[in-house]
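Colleague: Below is the structure I would like to discuss, written out as structure tokens.
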Amino acid sequence: MKAKPIVTTVLLAFVAASVIYLVLKETEGQPAASVPSTATSVAEPQQAAMSEVAAAAKAGPKLIAYYFHGNMRCMTCRTIEAYAKEAVETGFPEALKHGRLEFRVVNVEEPSNEHFVQDYQLTTRSVVLVQFADGKQEQWKNLERVWELVRDKKTFLKYVQDETRSYLEAAD
């Protein structure tokens, strides 16, 4: 009769250990220093970043596809970044080549990039499209469905490409 509570306890301990292992594996990250960012100057971070974007956008209509992340990066976050980059690079090689479109990876936990959290109302790691014309930001959109679609690469790529295409066509 005492075997049943012992087996139950052992099984519960095994399940708990498995869950803890999976959570730790998913959340273990590396410092984002190895990932390029758009940090330009620590002295006047927001102004420098915005003037860089404004200068680039003065050449004409421009779309920037940002992937925003923090210092700790889980596997899902890295997958979203990789898929978003692939969607942009494979879907719009000509726009990238001619400077009408850029893909940028930005660590929002760096002091010079913290303003992006407020600018684009970021609550988590995000892919955001930002449209510029005549050096001024016209509109932006957080592609919130990337989290929902990350387990379906084909649908994820189509979603990002469809949204990007609509912004590029609107600028023409």
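The values are calculated or read from the model by the stated rules, or taken from the named source; none is laboratory data. Note that the structure is a prediction, hence the values are computed from the model and not measured. Counting neighbours? That spans all protein chains shown, and the Cβs are built from the backbone with ideal geometry, glycine included.
Colleague: Mind listing whichever residues of segment 126-172 are farther than 18 Å from PRO93 by Cα, touching a residue at least 12 places away in the same chain (Cβ under 8 Å) and assigned to a loop (DSSP other than H, G, I, E, B)?
Modeller: ASP134, GLY135, LEU143, GLU144, ARG145, VAL150
Colleague: Considering THR79, THR90, THR123, which residue is in a loop (DSSP other than H, G, I, E, B) and in the same structural domain as LYS62 (by TED's automatic domain parsing)?
Modeller: THR123
Colleague: Just the residues that are charged (D, E, K, R), farther than 15 Å from ALA171 by Cα and touching a Phe, Trp or Tyr at 6+ places or on another chain (Cβ under 8 Å), please, taken from segment 128-157.
Modeller: Listed by number, the residues that qualify are ARG145, LYS153.
Colleague: Among the listed residues LEU22, LEU122, which satisfies the condition of being at pLDDT below 95, under 25 Å from ALA171 (Cβ atoms) and of a type in the set (A, V, I, L, M, F, W, C)?
Modeller: Within the list LEU22, LEU122, the selection yields LEU122.
Colleague: State whether the residues of segment 32-54 include one that is among the charged types (D, E, K, R), at pLDDT below 65, surrounded by 13 or more Cβ atoms within 10 Å (Cβ to Cβ) and assigned by TED's automatic domain parsing to the domain that holds GLN139.
Modeller: Yes, segment 32-54 contains at least one residue that is among the charged types (D, E, K, R), at pLDDT below 65, surrounded by 13 or more Cβ atoms within 10 Å (Cβ to Cβ) and assigned by TED's automatic domain parsing to the domain that holds GLN139.
Colleague: Would you pick out the residues in segment 77-95 that are surrounded by fewer than 18 Cβ atoms within 10 Å (Cβ to Cβ), touching a Phe, Trp or Tyr at 6+ places or on another chain (Cβ under 8 Å) and either closer than 13 Å to LYS153 by Cβ or at pLDDT below 95 (or both)?
Modeller: LYS85
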